[in-house]
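Structure, as structure tokens:
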Amino acid sequence: MSVDNFSTASTSITGESTLVYQEVARKVQKEKGIRVINFGIGQPDLPTFRKIRNAAIKALDEGFTGYTSAYGIDELREKIASHLNSRYPSERPIKKEEVIVTPGAKTALYLAFLLYVNPGDEVIIFDPSFYSYAEVIKMLGGKTVYIKMRWTEENGFSLNVNELKEKITSKTKMIVLNNPHNPTGMVFDPREIEKVMEIAKERKVILLSDEIYDYFIYDGKMKSVLEDPDWREYVIYVNGFSKTFSMTGWRLGYIVAKDRVVRKMAELAANIYTCPTSFAQKGALVAFDSLDDVKDMISLFRRRRDVMYEELKKNKWIRVYKSQGAFYMFPYVGDILAKTKMQVKDFSVKMIEEAGVTTIPGEVFPLEVGRNFLRLSFAVDENDIREGVRRINEFVTRLMKE
């Protein structure tokens, strides 16, 4: 037996594809000595808010460095429940026992898939979507069933609810929903979300709802699955601290589900990672007291979005709609690809090498719909947005003349 004889599960995944383009950018920056502007990063560019950092420092100074419960510390679970009850009031408020804290939202997603997906089970994912969903499903031996979103330049992306109904079979175990949406920046019409919820309930399919970008809303109104009084019967809700509180490196997420489900997840957690990091949880405990800082960040990102949109609109070869949420723009570059006969991945790499701008090609977000799109993050300095889009526009203009 060789150490290179890897398991089927490990060889089924392709890794974090966005990092490939960060590596290309680092190489270009080193070899050519140019400053690469990075629109590929999926995190706020602001440091974690001071109040949160101070709370974690205090916990370290007080020696709060041991194991905690696999569920997370009780105070944080209470705080999460209280926060969500305030945002989404209900006759049956969320209890602490319905919350489990995890080392990041990715781990929360992994726990949810692991708890339910057996080999051969089908999981429905909207295309395009965050790439980790499909990777974990493959690793567990499940089958991903994709539903293509519809796109128009005026309205962006929408969920194809009719196709969703058609694609559900006796093997369907779960529907994955992400709202606000990565990579498209959509905040889906509440009526679409309600229809997805109705279908999941009627067909007795689990609805895994990833709402990690729930505070990043610039236009429209977000509908959370927690607004349904019956959510306990079919919903696994995932959120976290990474985006809202600029805590990506802290690795803290959480799941809300009925108490029996949470107990089962805690059993998995105890055997996989023992518990979330102790002092990071103490920092998160004061995160919900930093919502004024969050509002300031959202206002800043709204201005950045507007700048990126207006600058991209200047290029006649790029078709772009104004994203409503998250911190991504997802412009259509199909006209450029058709004329140059390039694949979007090659186009993205060429842009790094010749223009010094990192973007993420849409086909990273499987399966097909993203092949004519690029994802650009506007969680970067406004001056870099202006300079980066200027470089993109010059690069595209030059490319289309060749």
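The values are calculated or read from the model by the stated rules, or taken from the named source; none is laboratory data. Predicted model only: the values in this text are computed from it and were never measured. All Cβ positions, even for glycine, are placed from backbone atoms using ideal geometry, and neighbour counts span all protein chains on display. Side chains are part of the model used for accessible areas, which takes the heavy atoms of the whole protein and leaves out ligands, DNA and RNA. Shrake-Rupley method; radii C 1.70, N 1.55, O 1.52, S 1.80 Å.
Within segment 161-220, the set of residues being over 24 Å from Phe288 (Cα atoms) and of a type in the set (Asp, Glu) comprises Glu163, Glu166, Asp189, Glu192, Glu194, Glu198, Glu202. Tell me whether segment 146-160 contains one or more residues that are farther than 25 Å from Asn372 by Cβ and open to solvent by 50 Å² or more (accessible area, probe 1.4 Å). Scanning segment 146-160 turns up no residue that is farther than 25 Å from Asn372 by Cβ and open to solvent by 50 Å² or more (accessible area, probe 1.4 Å). Within segment 196-218, one or more residues are open to solvent by 10 Å² or more (accessible area, probe 1.4 Å), of a type in the set (A, V, I, L, M, F, W, C) and part of a loop (DSSP other than H, G, I, E, B).
Close Cβ contacts (under 7 Å, 6 or more residues apart or on different chains) running from residues in segment 80-92 that are of a type in the set (S, T, N, Q) to residues that are exposed (fewer than 15 other Cβ atoms within 10 Å of the Cβ) comprise Asn85/Pro93; Ser90/Pro229. Condition check for Trp151 on (1) farther than 26 Å from Ser242 by Cα; (2) under 21 Å from the mean Cα position of the chain (by Cα); (3) part of a helix (DSSP H, G or I): one failure, at (3). Tell me, please, whether a residue that is outside any helix (DSSP H, G or I), open to solvent by less than 10 Å² (accessible area, probe 1.4 Å) and not charged (D, E, K, R) can be found in segment 346-356. Yes, because at least one residue in segment 346-356 is outside any helix (DSSP H, G or I), open to solvent by less than 10 Å² (accessible area, probe 1.4 Å) and not charged (D, E, K, R).
Of the residues contained in segment 123-141, none is found to be open to solvent by 10 Å² or more (accessible area, probe 1.4 Å), farther than 30 Å from Tyr67 by Cβ and of a type in the set (S, T, N, Q).
Quick check on this structure: which one of Phe279, Phe245, Phe288 is more than 22 Å from the chain's Cα centre (by Cα), touching a residue at least 24 places away in the same chain (Cβ under 8 Å) and at negative phi?
Exactly one residue qualifies, and that residue is Phe279.
Based on this model, can you work out whether Val187 counts as closer than 14 Å to Val145 by Cβ and either surrounded by 22 or more Cβ atoms within 10 Å (Cβ to Cβ) or touching a Ser or Thr at 6+ places or on another chain (Cβ under 6 Å) (or both)?
Details: closer than 14 Å to Val145 by Cβ: no; either surrounded by 22 or more Cβ atoms within 10 Å (Cβ to Cβ) or touching a Ser or Thr at 6+ places or on another chain (Cβ under 6 Å) (or both): yes.
For Val187, the condition - closer than 14 Å to Val145 by Cβ and either surrounded by 22 or more Cβ atoms within 10 Å (Cβ to Cβ) or touching a Ser or Thr at 6+ places or on another chain (Cβ under 6 Å) (or both) - is not met.
The condition of being in contact with a strand residue (DSSP E or B) (Cβ under 8 Å, 6 or more places away or on another chain), within 18 Å of Gly325 (Cβ to Cβ) and small (Gly, Ala, Ser) holds for only one of Gly185, Gly156, that being Gly185.
Scanning segment 357-376 for residues that are in a strand (DSSP E or B) and touching a Ser or Thr at 6+ places or on another chain (Cβ under 9 Å), which turns out nearest to Val333 (Cα to Cα)? Working first, answer last.
Pass one, segment 357-376, residues in a strand (DSSP E or B): 357-358, 360-361, 373-376.
Subsequent filtering for residues that are touching a Ser or Thr at 6+ places or on another chain (Cβ under 9 Å) retains 358, 360-361, 373-376.
On the way: Thr358: 15, Ile360: 12, Pro361: 10, Phe373: 5, Leu374: 7, Arg375: 11, Leu376: 12 Å.
Restricting to residues being in a strand (DSSP E or B) and touching a Ser or Thr at 6+ places or on another chain (Cβ under 9 Å), the top hit is Phe373.
Do the conditions hold for Ala112, that is, is it open to solvent by less than 90 Å² (accessible area, probe 1.4 Å), assigned to a helix (DSSP H, G or I), at pLDDT 95 or above and touching a Leu at 6+ places or on another chain (Cβ under 6 Å)? Quick ask: steps written out before the conclusion?
Values: open to solvent by less than 90 Å² (accessible area, probe 1.4 Å): yes; assigned to a helix (DSSP H, G or I): yes; at pLDDT 95 or above: yes; touching a Leu at 6+ places or on another chain (Cβ under 6 Å): yes.
Criteria met by Ala112.
For beta carbons closer than 7 Å, sequence separation of 6+ or different chains, a first residue in segment 373-396 that is over 24 Å from Tyr213 (Cβ atoms) and free of Cβ contacts under 8 Å to residues at least 60 places away in the same chain and a second that is open to solvent by 10 Å² or more (accessible area, probe 1.4 Å) and among the hydrophobic types (A, V, I, L, M, F, W, C), the qualifying pairs are Phe395/Ala355. Restricting segment 366-383 to residues that are at pLDDT 95 or above and aliphatic (A, V, I, L, M) leaves a set whose member that is nearest to Tyr146 (Cα to Cα) is Val369. Among the residues that make up segment 43-63, is at least one of them open to solvent by 20 Å² or more (accessible area, probe 1.4 Å), within 27 Å of Thr184 (Cβ to Cβ), of a type in the set (Val, Ile, Thr) and at pLDDT 95 or above? Within segment 43-63, none of the residues are open to solvent by 20 Å² or more (accessible area, probe 1.4 Å), within 27 Å of Thr184 (Cβ to Cβ), of a type in the set (Val, Ile, Thr) and at pLDDT 95 or above. Quick one: what pairs do we get from segment 194-207, first residue within 13 Å of Glu166 (Cα to Cα) and of a type in the set (A, V, I, L, M, F, W, C), second open to solvent by 100 Å² or more (accessible area, probe 1.4 Å) and part of a helix (DSSP H, G or I), C-beta under 9 Å, 6+ apart or different chains? Close Cβ pairs (under 9 Å, with a partner that is open to solvent by 100 Å² or more (accessible area, probe 1.4 Å) and part of a helix (DSSP H, G or I)) amount to Ile199/Lys165.
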